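Have a look at the structure below, then the notes.
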Amino acid sequence: MTDDTQKVAEQQRQYWNSPVGDRWVSNQATLDGMFVPLTEALMEYAEIKPGEKILDVGCGAGTTTRILAAKVGAGGKVLGVDISTALMTAAKANADAGSLEFFEGDAGSVTVPLEDADLIISRFGVMFFADTAQAFAHMRKVLKPGGRLCFVCWGLLQDNPWFQMPLDVIADRLGPIESIKPRAPGPLAFAEIEYIKEFLDQAKFGNIEIKTRDIQLICRHGPSEIAGFLLEFGPGARVLATLDIDEDTRRLLTGDLVERVAAFEGEDGVQIPAKLHYVRAANA
Ligand SMILES: C[S@@+](CC[C@H](N)C(=O)[O-])C[C@H]1O[C@@H](n2cnc3c(N)ncnc32)[C@H](O)[C@@H]1O
């Protein structure tokens, strides 16, 4: 690792071990509810079979890890790896199947206790590496020959109102904000399909397949809770953390955001459209 990559890796470790990790833990049920359709699509795309050995990267509180454990059954094994102590603690507390284990560390550089895996999978947990190609090359070593990689990540910012809305209301009220650096570690790092192909190719994955899908995020809460949530997570929250705003300004921003979110409210509550990339590749 160069000094620069080491610095970015350390920033990411600190970020996921800051109060952000605790916020994820306390909002996990809301997030899981929102992610049901996209998670089902991921599981289907990964074609999981009973008895398989699976590494779940950036597994967070372990929701997908538990779904995977149920799918592989007692004859299989699933290891969830994550860099956040708070999320790993929550994941371990919820681990109730023998085929399920968790390991804390940077998936892009640590040696995880799993060999000859059939599948590496991730729901939004692989876009935060300091050196992405190197991290994927490192993770590939866990796979058996012919083993699969399958993950879901966010598409372009302008196709994902979940991220675009908070940035817009901040910019409209407080003036221009720094645009998100393309490919920089963060939820939108893999927005460009060409980039995904490039780093997977560099990491020596073969049979690369990317499908972009339109999925609805199903929100259990009303516009005001969602607006509050959007200012606590993701790029909007990251921008706000760099600005010294007072409570009145936060209230105004929340109000602006409530109006935007309300535009997506229908008979079945709030459903926000998202464009996601579903990626498959093989350790060819
Ligand atoms: C957006 S969250 C997704 C969590 C989980 N997959 C889910 O869908 O609920 C991203 C996760 O990736 C983890 N993460 C970030 N960088 C990581 C790294 N280098 N190695 C392992 N986990 C990492 C974070 O701690 C966080 O739990």
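Values quoted throughout were computed directly from the atomic coordinates according to the rules given, and no laboratory measurement underlies them. No experiment lies behind these values; they were computed from the predicted model shown. FYI the Cβ positions are ideal-geometry reconstructions off the backbone, even for glycines, and counts take in every protein chain you see.
Comparison of G76, G98, G146 shows that the only residue that is surrounded by 17 or more Cβ atoms within 10 Å (Cβ to Cβ), more than 30 Å from K7 (Cβ to Cβ), more than 16 Å from the ligand (Cβ to nearest atom) and not hydrophobic (A, V, I, L, M, F, W, C) is G76. Is it the case, given these coordinates, that E232 is within 17 Å of W24 (Cβ to Cβ) and not in a helix (DSSP H, G or I)? It is true that E232 is within 17 Å of W24 (Cβ to Cβ) and not in a helix (DSSP H, G or I). Does M165 qualify as being crowded, with 19+ Cβ neighbours inside 10 Å, in contact (Cβ under 8 Å) with a residue 12 or more places away in the chain, within 19 Å of E209 (Cβ to Cβ) and not basic (K, R)? When the stated conditions are applied, M165 does not pass them.
Per the listing L257, L253, the residue uniquely closer than 23 Å to D214 by Cα and part of a helix (DSSP H, G or I) is L257.
Output the residues belonging to region 18-40 that are aromatic (F, W, Y) and in contact with a strand residue (DSSP E or B) (Cβ under 9 Å, 6 or more places away or on another chain). Within region 18-40, just F35 meets the criteria.
Looking only at residues in region 120-141 that are among the aliphatic types (A, V, I, L, M) and crowded, with 24+ Cβ neighbours inside 10 Å, the one that is nearest to L253 (Cα to Cα) is V126. Filtering E115, E52 for residues that are farther than 30 Å from A227 by Cβ, buried (at least 21 other Cβ atoms within 10 Å of the Cβ) and over 13 Å from the mean Cα position of the chain (by Cα) leaves a single hit, E52. Can you spot a residue in region 51-70 that is hydroxyl-bearing (S, T, Y) and more than 9 Å from the ligand (Cβ to nearest atom)? Looking through region 51-70, none of the residues is hydroxyl-bearing (S, T, Y) and more than 9 Å from the ligand (Cβ to nearest atom). Considering each residue of region 119-134, count those that are touching a strand residue (DSSP E or B) at 6+ places or on another chain (Cβ under 9 Å), within 13 Å of the ligand (Cβ to nearest atom) and not charged (D, E, K, R), and give that number. Residues flagged as touching a strand residue (DSSP E or B) at 6+ places or on another chain (Cβ under 9 Å), within 13 Å of the ligand (Cβ to nearest atom) and not charged (D, E, K, R) within region 119-134 amount to 7.
Filter region 1-33 down to the residues that are in a loop (DSSP other than H, G, I, E, B), within 11 Å of the ligand (Cβ to nearest atom) and within 16 Å of F128 (Cβ to Cβ) and list them by number. Result: N17, S18. Scanning region 242-279 for residues that are among the aliphatic types (A, V, I, L, M), free of Cβ contacts under 8 Å to residues at least 60 places away in the same chain and surrounded by fewer than 16 Cβ atoms within 10 Å (Cβ to Cβ) yields a total of 2. When D116, D172 are checked against the criterion of being more than 13 Å from the ligand (Cβ to nearest atom) and at positive phi, a single residue qualifies: D116. All of (1) more than 13 Å from the ligand (Cβ to nearest atom); (2) of a type in the set (A, V, I, L, M); (3) in contact (Cβ under 8 Å) with a residue 12 or more places away in the chain hold for V36 with one exception: (1).
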